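J.: This is the structure, below, for whatever I ask next.
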Amino acid sequence: MCGIVGYIGSKSAGEVILDGLHRLEYRGYDSAGIAVVLNGKLEIRRSVGKLNQLNKVLESRPLKGSIGIGHTRWATHGRPCEENAHPHTDCKDKIVVVHNGIIENYLELKNKLISGGHRFKSETDTEIIVHLIEKHFSGNLLNATQKALSEVRGAYALGVICTDDPDHIIAARQDAPLIIGLGEDENFIASDIPALLPYTRKMIFLEEGDIAELRRNKVRIFDKKKKEVKRQVKNITWDRVQAEKGGFKHFMLKEIYEQPQAIRETFLGRLNPEKGVTYLKEEIKIADSFLKSMSKIYIVACGTSYHAGLVGKFLFENLSLIPAEVDIASEFRYRCPVLDRNALTIIISQSGETADTIAALRLAKKNKCNTLAICNVMGSTASREADNVLYTRCGPEIGVASTKAFTGQLTVLYLLALDWAIKRKTLTAKKRKEIIDNFWEVPSKVSEILKKDKEISSLAKEFTAKRDFLYLGRNLNYPIALEGALKLKEISYIHAEGYPAGEMKHGPIALIDEDMPVMVIATRSKIYEKVLSNIEEARARGGTIIALATEGDKEIKAKTEHQIYLPHLDELFSPLLNVIPMQLFAYYMAVFLGCDVDQPRNLAKSVTVE
Ligand code: G6P
């Protein structure tokens with residue numbers, strides 16, 4: 001999730017863009033850059049680090065010119081460094097591009113472009129776009145961009161300018177947000193509303209596949225079929241803080257809603273639906289021979305990341321047939337784990353800075369154990385110290401209670417388990433295809449669940465007086481019961497306990513009465529009948545049941561007081577769907593109880609002390 005700003009008019013483009021980028025810094029901040037066209041030449045300034053670094057560069061080398069594009073980066077392909085910072089130029093430094101998103105087929109395109117004589121200067125997927133435009137350019141930037149994008153698969157929001165066809169900016173969007181701001185004799189592009197609020201409140205939200213041509217006094221928009229279209233102009237009345245939250249009341253809610261995009265971006269370019277394979281070998285260097293002989297996987301993490309690890313264990317054991325253990329990082333060091341060269345330690349951390357998790361990573365390294373980090377923050381301690389790193393591509397997570405980072409971590413774990421299953425030949429070709437087909441459906445199913453927002457909020461309202469909750473799940477949904485309970489505890493300060501449904505009879509059942517509601521994950525699965533029996537046991541003790549059930553399940557309606565129906569998807573992917581209503585439920589409970597959702601008491605986003 002990066003931020004883009006573009007400007008064409010009579011003001012200093014550099015100043016307007018820098019100001020806009022500051023307002024988008026919440027989208028990413030590992031490097032930034034601006035390009036303007038001046039007297040038929042491109043002038044570019046870039047720097048690593050937060051935007052104040054770019055400020056310093058611009059103070060010593062100011063930019064003149066009144067047409068330009070800029071970018072603040074949250075790295076996905078390629079480390080945070082100046083060469084990988086946007087904007088990126090073609091071979092002749094005439095065309096320049098800023099991009100937010102992931103180009104899925106970038107390797108294939110990059111190889112073709114290199115054989116065609118193009119020279120690459122960065123490790124980014126973005127750079128292929130500018131070379132593709134260069135390949136198609138014969139005087140008309142709009143045509144060249146349209147042709148280039150027809151070769152690209154993936155998600156993008158783009159801004160393009162060119163010295164040989166100046167006086168306009170080309171903008172395009174596909175599965176990544178981009179808006180146009182309309183001014184008086186000036187126009188703008190931006191990834192998000194806050195960037196443009198000081199300049200205009202008249203905005204157009206581009207639709208999927210749209211390409212726009214912006215001049216100072218005119219904006220034309222073309223749809224997927226290259227047909228010129230009119231898009232509605234909206235008048236934005238939000239203030240800046242509302243706008244940063246995308247109009248949502250809290251960052252947490254915004255981040256819950258960003259999950260379809262975060263999941264999609266995390267697997268784009270790593271999973272090929274047609275060929276039924278993954279492309280992880282481009283990112284992690286773990287020898288096939290090691291994968292085949294690996295004795296065990298240790299997964300180590302804290303908090304929500306630990307819950308993702310518990311799902312990971314299930315996936316590695318069931319798909320890749322590798323024994324796996326999961327440890328809470330603060331316990332790992334003190335139990336003398338048997339670490340050796342044949343084992344792999346996977347640490348999972350959104351921030352990559354959690355002290356206990358880093359200590360576990362160091363212990364594994366000291367014992368010559370191979371290490372892999374799953375992180376969201378590029379350049380974090382964990383990502384630098386681990387032998388290998390695989391990033392979730394969720395963008396900055398601001399709400400203290402983790403939501404989109406969790407589903408991003410699950411997505412990476414599915415990718416790894418699938419990749420290693422393919423390499424270890426533990427899946428039939430048919431099963432592999434089936435899994436990949438289901439994987440692709442996850443983002444749209446998550447979007448469907450988000451439409452139940454109102455229903456879940458009304459349900460939460462009925463339970464605000466309760467002080468204790470029990471969350472039950474089984475098998476690969478037991479970790480989701482733990483995560484649902486943790487979300488409720490963290491933000492609403494209501495006591496909640498996650499338990500394996502089958503284990504309830506060995507203790508927690510004693511607690512159940514009319515004051516202790518029970519949230520049960522009862523979506524369709526191989527052990528559905530067993531979960532139904534657990535529901536009966538809880539009801540017999542006077543418990544009020546809220547069931548997560550699969551659409552069309554009539555049986556559950558007769559057995560429970562409340563149901564949240566979820567779309568059907570293969571049971572394997574149910575954790576990615578089932579956690580969503582739990583996040584929403586906890587969120588609304590906290591809102592109704594007047595709690596500080598984004599910054600709950602006593603908690604910190606990143607715990608850097610042991
Ligand atoms: C804190 C946060 C949690 C997070 C945990 C682990 O407790 O409040 O939301 O799950 O740390 O953080 P990490 O960055 O290592 O995933």
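The values are calculated or read from the model by the stated rules, or taken from the named source; none is laboratory data. Small disclaimer: the values here were computed from a predicted structure and weren't measured. All Cβ positions, glycine included, derive from the backbone under ideal geometry; neighbour counts span all protein chains shown.
J.: Looking only at the range 176-214, count how many residues are among the aromatic types (Phe, Trp, Tyr) and in contact with a Phe, Trp or Tyr (Cβ under 7 Å, 6 or more places away or on another chain).
T.: Selection size over the range 176-214: 2.
J.: Shifting gears a bit: Can you spot a residue in the range 555-574 that is of a type in the set (A, V, I, L, M, F, W, C), touching a residue at least 60 places away in the same chain (Cβ under 8 Å) and within 16 Å of the ligand (Cβ to nearest atom)?
T.: Step one: filter the range 555-574 for residues of a type in the set (A, V, I, L, M, F, W, C), giving 556, 558, 564, 566, 569, 572-573.
Subsequent filtering for residues that are touching a residue at least 60 places away in the same chain (Cβ under 8 Å) retains 564, 566, 569, 572-573.
This time we only want the ones that are within 16 Å of the ligand (Cβ to nearest atom), so: none.
Looking through the range 555-574, none of the residues is of a type in the set (A, V, I, L, M, F, W, C), touching a residue at least 60 places away in the same chain (Cβ under 8 Å) and within 16 Å of the ligand (Cβ to nearest atom).
J.: Further question on the same structure: Checking the structure you have, find out if any residue of the range 375-389 is buried (at least 22 other Cβ atoms within 10 Å of the Cβ), away from the ligand (no atom under 15 Å from the Cβ) and not assigned by TED's automatic domain parsing to the domain that holds residue 102.
T.: no
J.: State whether one or more residues within the range 268-283 are closer than 30 Å to residue 595 by Cβ and assigned by TED's automatic domain parsing to the domain that holds residue 344. Show your work before the answer.
T.: From the range 268-283, those closer than 30 Å to residue 595 by Cβ are none; that's our starting set.
There is no residue in the range 268-283 that is closer than 30 Å to residue 595 by Cβ and assigned by TED's automatic domain parsing to the domain that holds residue 344.
Conditions (1) outside the structural domain of residue 515 (by TED's automatic domain parsing); (2) within 16 Å of the ligand (Cβ to nearest atom); (3) farther than 22 Å from residue 519 by Cα, marked per residue:
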| position | (1), (2), (3) |
| --- | --- |
| 398 | yes, yes, yes |
| 417 | yes, no, yes |
| 428 | yes, no, yes |
| 437 | yes, no, yes |
| 471 | no, no, no |
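J.: Another question about this same structure. Every residue in the range 274-316 that is more than 23 Å from the chain's Cα centre (by Cα) and among the aliphatic types (A, V, I, L, M), please.
T.: Of everything in the range 274-316, those that are more than 23 Å from the chain's Cα centre (by Cα) and among the aliphatic types (A, V, I, L, M) turn out to be 286, 287, 291, 294, 297.
J.: Can you find a residue that is surrounded by fewer than 23 Cβ atoms within 10 Å (Cβ to Cβ) and touching a residue at least 60 places away in the same chain (Cβ under 8 Å) anywhere in the range 222-230? Quick ask: steps written out before the conclusion?
T.: Pass one, the range 222-230, residues surrounded by fewer than 23 Cβ atoms within 10 Å (Cβ to Cβ): 222-230.
Then drop every residue that is not touching a residue at least 60 places away in the same chain (Cβ under 8 Å), which leaves 222, 226.
Yes, the range 222-230 has at least one match.
J.: May I pose another question? Which residue, of 284, 297, is among the β-branched types (Val, Ile, Thr) and out of contact with any helix residue (DSSP H, G or I) (no Cβ under 7 Å at 6 or more places or on another chain)? Talk me through it step by step, then tell me what you get.
T.: Details: 297 fails: out of contact with any helix residue (DSSP H, G or I) (no Cβ under 7 Å at 6 or more places or on another chain).
Just a single option satisfies the conditions, and that option is 284.
J.: Another one. What residue, of 67, 95, is closer than 17 Å to residue 124 by Cα and touching a helix residue (DSSP H, G or I) at 6+ places or on another chain (Cβ under 6 Å)? So that I can check it myself, show each step before the final result.
T.: Values: 67 fails: closer than 17 Å to residue 124 by Cα.
None of the other options fit; the residue is 95.
J.: What tally of residues in the range 289-315 results from selecting those that are within 15 Å of residue 345 (Cβ to Cβ), away from the ligand (no atom under 13 Å from the Cβ) and assigned to a helix (DSSP H, G or I)?
T.: The total comes to 4.
J.: Still on this structure: When you go through 507, 498 one by one, which is the residue that is under 29 Å from residue 318 (Cβ atoms), of a type in the set (Gly, Ala, Ser), at pLDDT below 95 and touching a strand residue (DSSP E or B) at 6+ places or on another chain (Cβ under 9 Å)? Break it down stepwise before answering.
T.: On the way: 498 fails: at pLDDT below 95.
After ruling out the rest, the residue left standing is 507.
J.: Given (1) more than 19 Å from residue 188 (Cβ to Cβ); (2) surrounded by fewer than 19 Cβ atoms within 10 Å (Cβ to Cβ), identify the lone condition not met by residue 12.
T.: (1)
J.: Moving to a separate point now. Whether any residue in the range 195-217 is among the polar types (S, T, N, Q), modelled with pLDDT of 90 or more, under 25 Å from residue 170 (Cβ atoms) and in contact with a helix residue (DSSP H, G or I) (Cβ under 8 Å, 6 or more places away or on another chain) is what I want to check. Quick ask: steps written out before the conclusion?
T.: First, the residues of the range 195-217 that are among the polar types (S, T, N, Q): 200, 217.
From the residues that got through so far, the ones that are modelled with pLDDT of 90 or more too are 200, 217.
Those still in the list that are under 25 Å from residue 170 (Cβ atoms) too: 200, 217.
Those still in the list that are in contact with a helix residue (DSSP H, G or I) (Cβ under 8 Å, 6 or more places away or on another chain) too: none.
No, that holds for no residue.
J.: Just for the range 522-580: of the residues that are at pLDDT below 95, small (Gly, Ala, Ser) and in a helix (DSSP H, G or I), which one is farthest from residue 437 (Cα to Cα)?
T.: Of everything passing the filter in the range 522-580, 540 is farthest from residue 437 (Cα to Cα).
J.: Regarding the range 342-363, can at least one residue be identified that is in a loop (DSSP other than H, G, I, E, B), away from the ligand (no atom under 16 Å from the Cβ) and either surrounded by 18 or more Cβ atoms within 10 Å (Cβ to Cβ) or not acidic (Asp, Glu) (or both)? Quick ask: steps written out before the conclusion?
T.: Residues of the range 342-363 in a loop (DSSP other than H, G, I, E, B): 342, 350-354.
Those still in the list that are away from the ligand (no atom under 16 Å from the Cβ) too: 342.
Subset that is either surrounded by 18 or more Cβ atoms within 10 Å (Cβ to Cβ) or not acidic (Asp, Glu) (or both): 342.
The answer is yes; a qualifying residue exists.
J.: Can you tell me which residue in the range 581-596 is nearest to the chain's Cα centre (by Cα), limited to those that are over 17 Å from residue 467 (Cα atoms) and either within 13 Å of the ligand (Cβ to nearest atom) or modelled with pLDDT of 95 or more (or both)?
T.: Quick first cut of the range 581-596, residues over 17 Å from residue 467 (Cα atoms) only: 581, 583-584, 596.
After this cut, where a residue has to be either within 13 Å of the ligand (Cβ to nearest atom) or modelled with pLDDT of 95 or more (or both) as well, the list is 581, 583-584.
Values: 581: 18, 583: 16, 584: 17 Å.
Among those that are over 17 Å from residue 467 (Cα atoms) and either within 13 Å of the ligand (Cβ to nearest atom) or modelled with pLDDT of 95 or more (or both), it is 583.
J.: For the range 417-451, give me each residue that is surrounded by 20 or more Cβ atoms within 10 Å (Cβ to Cβ), within 18 Å of residue 281 (Cα to Cα) and out of contact with any strand residue (DSSP E or B) (no Cβ under 7 Å at 6 or more places or on another chain).
T.: Answer for the range 417-451, where residues must be surrounded by 20 or more Cβ atoms within 10 Å (Cβ to Cβ), within 18 Å of residue 281 (Cα to Cα) and out of contact with any strand residue (DSSP E or B) (no Cβ under 7 Å at 6 or more places or on another chain): 417, 420, 421.
J.: Say we look at the range 553-588 and pick out the residues that are basic (Lys, Arg) and out of contact with any helix residue (DSSP H, G or I) (no Cβ under 8 Å at 6 or more places or on another chain); which of these is surrounded by the most Cβ atoms within 10 Å (Cβ to Cβ)? It would help to see each step written out before you state the result.
T.: Our first condition is that a residue be basic (Lys, Arg); within the range 553-588, this holds for 554, 557, 559.
Checking which are out of contact with any helix residue (DSSP H, G or I) (no Cβ under 8 Å at 6 or more places or on another chain) leaves us with 554, 557.
Details: 554: 7, 557: 13.
The extreme case among them is 557.
J.: Within the range 321-331, can you find the residues that are under 23 Å from residue 291 (Cα atoms) and either out of contact with any Ser or Thr (no Cβ under 6 Å at 6 or more places or on another chain) or part of a helix (DSSP H, G or I) (or both)? Show your work before the answer.
T.: Residues of the range 321-331 that are under 23 Å from residue 291 (Cα atoms), as a first pass: 321-327.
Matches in the range 321-331: 322, 323, 324, 325, 326, 327.
J.: Quick check: is even one residue across the range 255-262 modelled with pLDDT under 90, within 16 Å of the ligand (Cβ to nearest atom) and in a helix (DSSP H, G or I)? Steps first, answer last, please.
T.: Restricting attention to the range 255-262, the residues satisfying the condition of being modelled with pLDDT under 90 are none.
No, the range 255-262 contains no residue that is modelled with pLDDT under 90, within 16 Å of the ligand (Cβ to nearest atom) and in a helix (DSSP H, G or I).
J.: Restricting attention to the range 318-341, and to residues there that are within 16 Å of the ligand (Cβ to nearest atom) and more than 25 Å from the chain's Cα centre (by Cα), which single residue is surrounded by the fewest Cβ atoms within 10 Å (Cβ to Cβ)?
T.: 331
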